[in-house]
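A.B. asks: Below: one structure in structure tokens.
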Amino acid sequence: MNAQTLRRYLTPPLIALLLAIALFFAGGLINPDFINVTQAINIVRLAAFLGIISAGQTLVIISGGEGIDLSVGAVVTLAAILTFRITGGDNNLIGVGLLASLSAGFIVGLLNGIGIALLHIPPLVMTLGMTGVVSGTILVVTQGEMLGATPALMSTYIAKPLIFGIPGVILIWVALGVVMWLLMERTTYGKHLFAIGVNRTAARLSGVRVERAVIITYTLAGLLAALGGFMLLGFAQTVLLNLGDPYRFPSIAAVVVGGTMLTGGKGSYWGTMSGALVLTLIDSLLRAMGLAEAYQLIVFGGLLVLLIAVYGRELNLRQ
Amino acid sequence: MKSLNLQRVFARNTYLISFILLVIVLGINYIVQNNVFELRVLNNNLRTLLPLILLAVGQSIVVIGGGLDLSVGTLVSMLSALLVTWVTPDSTPDQILLAVVLVCAAGMLAGLVNGLVVAYLRLQPMITTYATSFIFSGIALLLLPRPGGSIPRDLSTFYRSPLLDIPLAFYAIALLLLFWSVLRTTRYAQYLYATGSSGAAAYATGVPVRVVRVTTYVWSGLFAALASLTLMLSTGGASQANIGDDMTLDSIVAVVLGGTRLSGGQGGIAGAIIGVMILRVIRNVIFFAAVPTWSQTLVNALIIIAALAGPGLIRLIRRSIGR
């Protein structure tokens, strides 16, 4: 195999995936207990939550125009709290909880899209503002009191081993991967998404309704983040006011580590899935090594720089 | 014709909309809090505001140069930790001066690292500075595992007292504006704006784009150092490992509220200063208008979104009327 064919096959998502596997075995060198099937499934399960939450972020970043969604964390929290409260632990109300969560995510995403596409508010500050609106609404409604419970069935179907010892969330994640692939590669919306990501003016001139595509993108992002929040409740079992906050920036990092450019127009969800795996692995590895928190942070930051340096580079000015 | 002129005025003075916004919110603030312009209240407000003002100034230089710095807040945390591990209530003036110089140098060094990675490794600014923010957080936690620290009392008293009946922060803001107006006359500023509006075009016309990019992050590091110094003066040296973390996003919102576009090549530090004030005055209004505690976050966010949406909304309405 010569260098050129090697380069063709070694796409960023594949590099990330290979890296994930290498990291897993590196973990075994540091701590032999790290390598076993249970541990592997556990890590993939953790990665699945980050992966599902990052799905919408992938679409938003590909759509370009400095696209970014900082409201994912707040939407995750909102969806989890809604499900927690509405079901109150009743298995029969899971469907209602899911529907309410998705509707809430839909509304938040739609508002993001309108603010960005029609009012020309920069995505970063618009979605940051919406984070405040969502967190604020949560505070107004709950008054800080988390009433409710998690239905037992959610834990059974999401977090606990379902088929061949694989938890439901991993199966759902894989299914989502297929759906995302179909959406991005096989639909008109997908074509429009990449077109507006590359060049909005060119897209407009070739008949793409740019504003509509942008609004759909942010709406989908809200919807997917809400799905992630619903899933996360099945795992976390309980809700906190900042349940989703730890996912806000990692969702962006997962997308970038998966080879999607922050400048838009290029990327894949399959890359994000690998990115989520890599980030979760590094995190688990650092924990398994028993490093002090301060060193964990420093090593994680350094590794993140190295990771994006592998292929997250911008074009050379001299070209 | 008249409306056309008005449009041109707004386009040329990017601060103008922000300034009008500030006047409006200040007016509302005056209605709900009559003593807002009294020296004591003004002094207190500005004193606690100065760190964020400095940070937003650094952020706006990076943004004008076409970048973004998500590490500024954690940098403030790290530098504050650094300062209070060196300075104790018994430190001599010489020791304090040395610590201040070292903190500034550390800030510039951290900015240099950010800048080198962004400009020479060509990594995307947002994700790079997000990654380095972990490193700065980690170092902050290493230096200051538990909240603590204090500085000589005289220093915080000095910082708290107005000079010649004018709040100290006014002098700082005047200095910042002076610094900026001098900088604007230099060739460096032309390079900065050229780099921000189009890196490739600037490179083609001989602008040392990479060097300019690096310097923007060094500025940001220096201003983060100044922010941490004023923050420590304001708290009397009491710090904790995450004391500045929340300031990052505020600094970006302030820059945008000040009329600087995140796409770069336009704007200025006066906008950032106005932006910080708008953010603070909104919070003041909410507090003094007796908005129930649980609703404050929501009301605050709604007002900020309304402020951000204002210009776009006006354009949208005008266009639909024009049709």
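A.B. asks: Using a cut-off of 11 Å between beta-carbons, work out the net charge of the residues near A:F300 (Lys and Arg +1, Asp and Glu -1, A:F300 not included).
C.D. replies: -1
A.B. asks: Answer with one residue from A:A175, A:T127, A:I41: the one whose Cα lies farthest towards the positive end of the charge dipole of the range A:35-310, charges on Cβ with Lys, Arg +1 and Asp, Glu -1.
C.D. replies: Projecting each Cα onto the dipole axis, the largest value belongs to A:A175.
A.B. asks: Where in chain B are the DSSP H helices whose alpha-carbon span along the long axis reaches 30 Å or more and whose Kyte-Doolittle mean is at least 1.6?
C.D. replies: Flagged H segments are B:93-120.
A.B. asks: Gain in length, A:T238 to A:N42, computed as 0.36 nm per residue apart minus the alpha-carbon separation, to one decimal in nm?
C.D. replies: So the chain would gain 68.7 nm between A:T238 and A:N42.
A.B. asks: To continue, here is another question. Using only the Cα atoms of the range A:232-316, what are the Rg and Dmax in Å?
C.D. replies: Taking only Cα atoms of the range A:232-316, I get Rg and Dmax of 14.6, 48 Å.
A.B. asks: Related question: Please give me the summed charge of the neighbours of B:A301: other residues whose Cβ is under 14 Å from its Cβ, Lys and Arg +1, Asp and Glu -1.
C.D. replies: Spelling it out: positives minus negatives among the neighbours equals 0.
A.B. asks: Name the residues whose placed amide hydrogens come within less than 5 Å of the amide hydrogen of A:L162, ignoring near sequence neighbours (fewer than 5 apart) on the same chain.
C.D. replies: When sequence neighbours closer than 5 places are left aside, the close amide H contacts are A:G168.
A.B. asks: Right, something else. Among A:A195, A:A253, A:A236, determine the one that fluctuates most according to a GNM of chain A built with springs between C-alpha atoms less than 10 Å apart.
C.D. replies: Most flexible of the set in this elastic network: A:A236.
A.B. asks: Once you wrap a convex hull around the alpha carbon atoms of the protein assembly as shown, what is its projected area averaged over all directions, in nm²?
C.D. replies: One quarter of the hull surface, i.e. the mean projection, equals 32.1 nm².
A.B. asks: Work out the mean other chain Cβ neighbour count within 10 Å for the residues of B:297-304 and drop it here as an integer.
C.D. replies: 6
A.B. asks: With each run of n ≥ 4 DSSP H residues scored as -39500 (n - 2.57), what mean residue ellipticity at 222 nm is computed for chain B after dividing by its residue count and rounding to the nearest 500 deg cm²/dmol?
C.D. replies: For chain B, the value works out to -25500 deg cm²/dmol.
A.B. asks: Mind giving me the FRET efficiency for A:V141 and A:V179? R0 is 35 Å, r the Cβ-Cβ distance, nearest 0.05 is fine.
C.D. replies: E between A:V141 and A:V179, to the nearest 0.05, is 0.65.
A.B. asks: Of the candidates A:Q237, A:Q143, A:Q57, which one comes out as most mobile in a Gaussian network treatment of chain A with C-alpha springs shorter than 10 Å?
C.D. replies: The residue that fluctuates most here is A:Q143.
A.B. asks: Let me ask something else. Distance from the Cα centre of the range B:167-191 to that of the range A:120-146, in angstrom?
C.D. replies: Spelled out, the Cα-based centre of one part sits 35 Å from the other.
A.B. asks: Stretch B:A204-B:E38 to full length: gain in nm at 0.36 nm per residue minus the Cα-Cα span?
C.D. replies: Computed gain between B:A204 and B:E38 is 54.4 nm.
A.B. asks: Using 7 Å Cα-to-Cβ label points, what is the B:V100/B:I24 separation (nm, one decimal)?
C.D. replies: 4.0
A.B. asks: Per the Kirkwood definition applied to all pairs of different Cα atoms, how many angstroms is the hydrodynamic radius of chain B?
C.D. replies: Kirkwood radius, chain B: 20.6 Å.
A.B. asks: Label 7 Å along Cα→Cβ of A:A292; the range B:144-176 residues with amide nitrogen under 18 Å?
C.D. replies: B:144-149
A.B. asks: Mind telling me which of A:I138, A:I196, A:I30 comes out most flexible in a GNM of chain A, alpha-carbon contacts under 10 Å?
C.D. replies: The residue that fluctuates most here is A:I30.
A.B. asks: Still on this structure, please answer the following. Report the Cα centroid-to-centroid distance between the range A:204-246 and the range A:84-106 in angstrom, as an integer.
C.D. replies: First find each Cα centre; the distance between them is then 16 Å.
A.B. asks: What's the ranking of B:287-296, A:47-56 by average number of surrounding C-beta atoms within 10 Å, highest first?
C.D. replies: A:47-56, B:287-296
A.B. asks: Please arrange B:L142, B:L316 by how many other C-beta atoms lie within 10 Å of their C-beta, fewest to most.
C.D. replies: B:L316, B:L142
A.B. asks: What nm distance separates the two modelled labels at A:S103 and B:Q190, each placed 7 Å from Cα along Cα→Cβ?
C.D. replies: Those two pseudo-labels are separated by 6.1 nm.
A.B. asks: What helices does chain A hold that run 18 Å or longer along their axis, going by alpha-carbon atoms, with a Kyte-Doolittle average of 1.0 or more, using DSSP H for the helix calls?
C.D. replies: A:12-30, A:37-62, A:72-87, A:94-117, A:123-142, A:168-186, A:210-236, A:293-311
Every read-out reported here was derived from the displayed coordinates using simple, explicitly stated rules and does not represent laboratory data. Since this is a predicted model, take the numbers as computed values, not measurements. Cβ sites come from the backbone with ideal geometry, for glycine too, and all protein chains shown count toward neighbours.
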